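Okay, structure first, notes after.
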Amino acid sequence: MNFWSERRAAAGHGDEAARPVPPPPGPPPELYREPQPPQFYDWQYEEGLAPQAAAPQAAPREEDEGRCADPWRPLVVGTPVPRFDPRPPGGLSYRPDTVCDGWSTAELDLRLASVRGYQHRYDGRPREDDAAAAWDPDSGTVLFAVADGVSDARQPHIGSQLACRAAVDEMSAQVRASQGRVTEWRKVLQMIHWQLRAQAGRILGLPQEAEVAETADLLATTLVAGVATPTAEGVAVGLLWVGDSGIWQIKHDRLYPMKGGKQAGADGLVSSAVQPLPYVPAEPGRFDFVLEPGTVLLVGTDGFGDPVGDGRGDVGRLFADQLRKPVPPLGFAHLLDFSRETFDDDRTLLALWPRSPGTGGRR
């Protein structure tokens, strides 16, 4: 998160996020979708997911020729960010520019990526987002957390990393004790609260935990944490969030927001103001639902949520098209690193696909 989001909204660049959110869609009629030129990765051709022969096309554009020469060049949506060589993060940070992960259980496919935003690459600041995921073999539960360090804090990258790991550790303990369920969501936040205060005390050289205000000044972060447990009725998902990170779903080839994210005020502008952890809200966001076969759960920071908006724009269509099936972890990170002018915040995204029943979990 940074002040660019609020400035974009004030300048009219955040109009996608400010539009009314549509209800969950039903199956679209045959002529609903506007024809879009297909985009395929090399791995999709290798796995037979893309056509082997293409119809004659117009002469390639300059940007297409550049992509042929550099297949890892960021995908361009609208007007791209000017290209430049990222600067190394300053200070004592050793956080990588990009991280990604991906694995599958019998019931779920998971992909995760966190990429440094173009603004932080240009400024030489570390990636402030983080994510973590784990698996409980006894219940088959997948546990995950996504966090966005608040840019106004002094060490937000430490806060986001600690919040993710503390959340997954506490959820894992509860899942093991309760056959796949988190029974005390508030305890998850309380554990993060004390972990952040203890870490702030160590950084500040204090003999005890730092006060809440001191901790927020140093390590403030948002959070979305959740579990996905296979059951006879489907994959039961439980989610908890603090701040403006969000939750989306891809269904019937469309991406739409479910919970969280930025909210428009009475004036129609979208604010970046949040009350992050270590503050524990009286009523944190909570949501439980069943993840249906053929749908995709997305959990991400506002670096993803701001350009996606209500899911009906170019970025929403790009992700709805490319994430119909699990992609390789490196391809997932590459997709998340798309280039679009004015959207330059760190981006972190986690995706879960339920695997088809009756076929050994395979799609």
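So, of the residues in the stretch 180-224 that are basic (Lys, Arg) and in a helix (DSSP H, G or I), which turns out to be farthest from Asp136 (Cα to Cα)? Here the answer is Arg202.
For Val299, are the conditions met, namely being surrounded by fewer than 23 Cβ atoms within 10 Å (Cβ to Cβ), aliphatic (A, V, I, L, M) and within 17 Å of the chain's Cα centre (by Cα)?
Values: surrounded by fewer than 23 Cβ atoms within 10 Å (Cβ to Cβ): no; aliphatic (A, V, I, L, M): yes; within 17 Å of the chain's Cα centre (by Cα): yes.
Criteria not met by Val299.
Of the residues making up the stretch 157-205, those that are open to solvent by 60 Å² or more (accessible area, probe 1.4 Å), without any contact (Cβ under 8 Å) to a residue 40 or more places away in the chain and over 25 Å from Gly124 (Cβ atoms) are Arg165, Asp169, Ala177, Thr183, Glu184, Lys187, Met191, Trp194, Gln195, Arg202, Gly205. Screening the stretch 231-242 for residues that are of a type outside the set (A, V, I, L, M) and at pLDDT 95 or above and picking the one that is most open to solvent (accessible area, probe 1.4 Å) gives Trp241. Among residues of the stretch 209-224 that are farther than 30 Å from Leu349 by Cβ and at pLDDT 95 or above, those with a Cβ under 7 angstrom from a residue that is open to solvent by 10 Å² or more (accessible area, probe 1.4 Å) and of a type in the set (Lys, Arg), sequence gap 6+ or separate chain, pair up as Glu209/Arg197; Ala210/Arg197.
Only residues that are in a helix (DSSP H, G or I), open to solvent by 10 Å² or more (accessible area, probe 1.4 Å) and over 14 Å from Ile247 (Cβ atoms): list them for the stretch 302-321, please. Outline the logic, then answer.
Restricting attention to the stretch 302-321, the residues satisfying the condition of being in a helix (DSSP H, G or I) are 302-308, 314-321.
If we keep only those that are open to solvent by 10 Å² or more (accessible area, probe 1.4 Å) as well, we get 305-306, 314, 317-318, 321.
Result: Asp306, Asp314, Arg317, Leu318, Asp321.
Apart from one condition, Ala133 fits all of (1) open to solvent by 30 Å² or more (accessible area, probe 1.4 Å); (2) assigned to a strand (DSSP E or B); (3) more than 17 Å from Pro326 (Cβ to Cβ); the exception is (3).
Only one of these is surrounded by 23 or more Cβ atoms within 10 Å (Cβ to Cβ) and not in a helix (DSSP H, G or I): Arg127, Arg154. Name it. Even if it seems obvious, please write down each step before you answer.
Details: Arg154 fails: surrounded by 23 or more Cβ atoms within 10 Å (Cβ to Cβ).
It is Arg127.
The values are calculated or read from the model by the stated rules, or taken from the named source; none is laboratory data. Small disclaimer: the values here were computed from a predicted structure and weren't measured. So basically every Cβ, Gly included, is an ideal-geometry build from the backbone, and we count neighbours across all protein chains shown. Calculation scope for accessible area: heavy atoms of the full protein, side chains included, ligands and nucleic acids excluded. Shrake-Rupley method; radii C 1.70, N 1.55, O 1.52, S 1.80 Å.
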